[in-house]
């Protein structure tokens, strides 16, 4: 009958003829424990420059899907958006993160006022959350704004770290 101690399972028999079996089992248990405690990480970058629109839209390529092993895992989400003014006028744009299709309230906004054509800035934000369920979770960067602003792919990206 196997015995469990400190979350590790090992054979109950202590016969010297089975010592290598015990060592193998212990080694596998320790390895499994380390794998289960390793943070999950991923990042995605905007594939090509994107002209902002008045409707919220996914920024293609700036997406991460991670298979989370347990419910209640904490996650850190960090993102940046590289905005550039394309035409003069009243301009505003912002990006946010969607987790499993639900837009989160935190955003990174740029309102350059009367900035001229070519004006550029990289804005960013971050937040932590707790993932209620185990399994695959998709984190997408989404944006909205006037068509006078483009999101450039150079520094538009999302990074996610999930702790087990």
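The values are calculated or read from the model by the stated rules, or taken from the named source; none is laboratory data. From a predicted model like this one, the values you see are computed outputs, not experimental measurements. Neighbour counts run over all protein chains shown; Cβ positions are idealised from the backbone, glycine included.
For the stretch 115-127, state whether one or more residues are closer than 18 Å to residue 149 by Cα, more than 22 Å from the chain's Cα centre (by Cα) and in a strand (DSSP E or B).
For the stretch 115-127, residues closer than 18 Å to residue 149 by Cα, more than 22 Å from the chain's Cα centre (by Cα) and in a strand (DSSP E or B): present.
Name the strands (runs of 3 or more DSSP E) wholly within the stretch 1-46 that hold at least 3 residues that are surrounded by 10 or more Cβ atoms within 10 Å (Cβ to Cβ) and at pLDDT 75 or above?
In the stretch 1-46, 40-45 are the strands (runs of 3 or more DSSP E) which contain 3 or more residues that are surrounded by 10 or more Cβ atoms within 10 Å (Cβ to Cβ) and at pLDDT 75 or above.
Considering only the stretch 53-65, how many residues are in a strand (DSSP E or B) and surrounded by fewer than 20 Cβ atoms within 10 Å (Cβ to Cβ)?
The qualifying residues number 5.
Within the stretch 101-121, how many residues turn out to be free of Cβ contacts under 8 Å to residues at least 40 places away in the same chain and surrounded by 10 or more Cβ atoms within 10 Å (Cβ to Cβ)?
Looking only at that region, the number is 14.
Is it the case that some residue within the stretch 83-94 is surrounded by 20 or more Cβ atoms within 10 Å (Cβ to Cβ), touching a strand residue (DSSP E or B) at 6+ places or on another chain (Cβ under 7 Å) and not in a strand (DSSP E or B)?
Looking through the stretch 83-94, at least one residue is surrounded by 20 or more Cβ atoms within 10 Å (Cβ to Cβ), touching a strand residue (DSSP E or B) at 6+ places or on another chain (Cβ under 7 Å) and not in a strand (DSSP E or B).
Is it true that some residue in the stretch 84-92 is closer than 21 Å to residue 43 by Cα, modelled with pLDDT of 95 or more and either in the same structural domain as residue 60 (by TED's automatic domain parsing) or touching a helix residue (DSSP H, G or I) at 6+ places or on another chain (Cβ under 7 Å) (or both)?
no
Suppose we filter 105, 69, 74 for residues that are assigned by TED's automatic domain parsing to the domain that holds residue 47, within 19 Å of the chain's Cα centre (by Cα) and modelled with pLDDT under 95; which single one remains?
After ruling out the rest, the residue left standing is 69.
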